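Student: Sharing a structure with you now.
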């Protein structure tokens with residue numbers, strides 16, 4: 001998974017300043033890496049939690 005996850009993550013990072021779905025590609029790379037590495041799983045979970053918190057605040061849900 002390392003040989004797939006690292007290029008996907010790198011592509012996502014490159015897409016951040018360029019037009020394209022950089023954040024989604026970064027999350028996909030982290031999801032791939034999280035199958036093998038605990039640090040990637042923890043980072044992906046923190047990003048998901050932060051995103052869900054933002055969605056709840058914007059929609060007014062608890």
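Each reported figure results from applying straightforward, stated rules to the coordinates on display, with no laboratory input. All values derive from a computational prediction rather than experimental measurement. Cβ sites come from the backbone with ideal geometry, for glycine too, and all protein chains shown count toward neighbours.
Student: How large is the Kirkwood hydrodynamic radius of segment 2-59, in angstrom, based on all distinct alpha carbon pairs?
Tutor: 11.8
Student: Which whole-number percent is the relative contact order of the chain (Cα, under 8 Å, 6+ apart)?
Tutor: The normalised contact order for the chain reaches 27 percent.
Student: If you don't mind, there's one more thing I want to ask. Between residue 6 and residue 48, what is the label-point separation in nm under the 7 Å Cα-to-beta-carbon projection?
Tutor: A separation of 2.5 nm, rounded to one decimal place.
Student: Can you tell me the length gained on complete extension of the stretch residue 58 to residue 35, counting 0.36 nm per residue apart and subtracting the Cα distance?
Tutor: In short, 5.2 nm is gained.
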